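Please read the structure below before turning to the comments.
The values are calculated or read from the model by the stated rules, or taken from the named source; none is laboratory data. Being a predicted model, the structure only gives us computed values, none of them experimental. Because the Cβ atoms are built from the backbone with ideal geometry, glycine has one as well, and the counts that use them run over all protein chains shown.
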Amino acid sequence: MTRSERMQPIKTLADTREREAGDAVASARRLLGEREQQLEQLRGYRAEYAARAAREGAADAVRLANYHAFLARLAAAVRQQQELVDAARQDLERRIAEWQERRVEALSLAKAVDRLATAERRVADRREQQESDERALRARRPPG
């Protein structure tokens, strides 16, 4: 078994690790998108509620207290969702960096295997040429 053949399983493993890291990046991107969308929905709902309450006005103290309590809960939900968005963004960045490392590793191994295979082909071609030359010389010599 040649060195390039022995290196092939390692290259295959690196390719698999790169593909898995790429899948993780895609999942992290989807999650970040979902969380950003949820954050925008919460912000939109908060703005809509605040605008509606301003149009209707506060009729009494109880209604005003409920309005402020609800806005406070919405603000807390927005903050919590923003934290989730930030965490998802950090996770995405980490996964992108990991994928880039795996990509470099896979490309490096692919180049190394290609170089080994090229060198092995050159050696085999030279050996074959030498054998061919020797056969041609033997064929030219007179018997005896």
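Please specify each residue of segment 107-144 satisfying the condition of being exposed (fewer than 10 other Cβ atoms within 10 Å of the Cβ), in a helix (DSSP H, G or I) and of a type in the set (Gly, Ala, Ser). Before the answer, list the steps.
Here is the first cut: in segment 107-144, the ones exposed (fewer than 10 other Cβ atoms within 10 Å of the Cβ) are 136-144.
Filter again for in a helix (DSSP H, G or I), leaving 136-140.
Listed by number, the residues that qualify are Ala136, Ala139.
Would you check if Asp91 is charged (D, E, K, R), in contact (Cβ under 8 Å) with a residue 24 or more places away in the chain, within 30 Å of Val123 (Cβ to Cβ) and surrounded by 13 or more Cβ atoms within 10 Å (Cβ to Cβ)?
Values: charged (D, E, K, R): yes; in contact (Cβ under 8 Å) with a residue 24 or more places away in the chain: yes; within 30 Å of Val123 (Cβ to Cβ): no; surrounded by 13 or more Cβ atoms within 10 Å (Cβ to Cβ): yes.
When the stated conditions are applied, Asp91 does not pass them.
Hey, among the residues in segment 13-42 that are touching a residue at least 40 places away in the same chain (Cβ under 8 Å) and either among the β-branched types (Val, Ile, Thr) or under 17 Å from Arg79 (Cα atoms) (or both), which one's surrounded by the fewest Cβ atoms within 10 Å (Cβ to Cβ)?
Ranking the qualifying residues of segment 13-42, first place goes to Gln38.
Do we find a residue being modelled with pLDDT of 90 or more, assigned to a helix (DSSP H, G or I), closer than 30 Å to Leu116 by Cβ and not charged (D, E, K, R) anywhere in segment 80-98?
Scanning segment 80-98 turns up at least one residue that is modelled with pLDDT of 90 or more, assigned to a helix (DSSP H, G or I), closer than 30 Å to Leu116 by Cβ and not charged (D, E, K, R).
Just wondering, is there one or more residues in segment 77-95 that are out of contact with any His (no Cβ under 9 Å at 6 or more places or on another chain) and either aromatic (Phe, Trp, Tyr) or over 25 Å from Ala28 (Cα atoms) (or both)? Please lay out each step first, then the result.
Pass one, segment 77-95, residues out of contact with any His (no Cβ under 9 Å at 6 or more places or on another chain): 77-95.
Restricting the remaining residues to those that are either aromatic (Phe, Trp, Tyr) or over 25 Å from Ala28 (Cα atoms) (or both) gives none.
Scanning segment 77-95 turns up no residue that is out of contact with any His (no Cβ under 9 Å at 6 or more places or on another chain) and either aromatic (Phe, Trp, Tyr) or over 25 Å from Ala28 (Cα atoms) (or both).
Return the only residue of Arg6, Arg103 being within 30 Å of Arg122 (Cα to Cα), assigned to a helix (DSSP H, G or I) and modelled with pLDDT under 95.
Details: Arg103 fails: modelled with pLDDT under 95.
Result of the check over Arg6, Arg103: Arg6.
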